[in-house]
Amino acid sequence: MTRKRQLNYITFAALMVTTVLGYQSLWGLLFMFWTIPNFYSGHALLLTDVTRDEDPVLFWLIQLAWIALGLSMIAIDILPSTF
């Protein structure tokens, strides 16, 4: 098994365990991680591929949504009394 595949299996297992335990911050980090390559490639995936060149408004809305979701999921775990 390649290193990338191993990392995917470990990440999936960690996501499932933390979800069962009621922690969402790992999902938040994943949402944040997904935005990084999108900025460089100009492609985002919703139900289909959305490109910055063909549909810049939707592309940036998707990016902002991933960032907002990521930050809110992290914040919920770090500051639970606030939410």
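The values are calculated or read from the model by the stated rules, or taken from the named source; none is laboratory data. Source: prediction; values computed, not measured. Quick note on the areas: whole protein, heavy atoms, side chains included, nothing else; ligands and nucleic acids left out. Shrake-Rupley method; radii C 1.70, N 1.55, O 1.52, S 1.80 Å.
Per residue, the accessible area of the chain comes to 76 Å², computed with a 1.4 Å probe over protein heavy atoms only. Ordered by 1.4 Å accessible area with all protein chains kept, PHE39, PHE12 run largest first as PHE12, PHE39.
Working note: Karplus 6.51/-1.76/1.60 with θ = phi - 60° gives region 50-58 the couplings 10, 9, 5, 6, 7, 9, x, 5, 5 Hz, where Gly and Pro are set to x.
If you wrap a convex hull around the C-alpha atoms of the chain and split its volume per residue, what is the figure in Å³? Spread over its residues, the Cα hull of the chain gives 117 Å³ apiece. Across THR11, THR51, the residue with the most accessible area heads the list, and the full order at a 1.4 Å probe is THR11, THR51. Residue by residue, region 68-80 carries 3J(HN,Hα) couplings of 4, 5, x, 5, 5, 5, 5, 5, 4, 6, 7, 10, x Hz when phi is fed to the Karplus relation 6.51 cos²θ - 1.76 cosθ + 1.60 (θ = phi - 60°); x denotes Gly or Pro. Note on ASP49 and LEU15: the extension gain reaches 9.8 nm, defined as 0.36 nm multiplied by sequence separation minus the Cα-Cα distance. Each residue of region 16-26 is assigned a 3J(HN,Hα), and the resulting list reads 5, 5, 5, 5, 4, 7, x, 9, 10, 5, 5 Hz, derived from the Karplus form 6.51 cos²θ - 1.76 cosθ + 1.60 (θ = phi - 60°), x at Gly and Pro.
The helix-based estimate of mean residue ellipticity at 222 nm for the chain, built from -39,500 (n - 2.57) per DSSP H run of four or more residues and divided by its residue count, is -24000 deg cm²/dmol to the nearest 500. With all protein chains in place and a 1.4 Å probe, the accessible surface of region 36-81 carries 72 percent carbon and sulfur.
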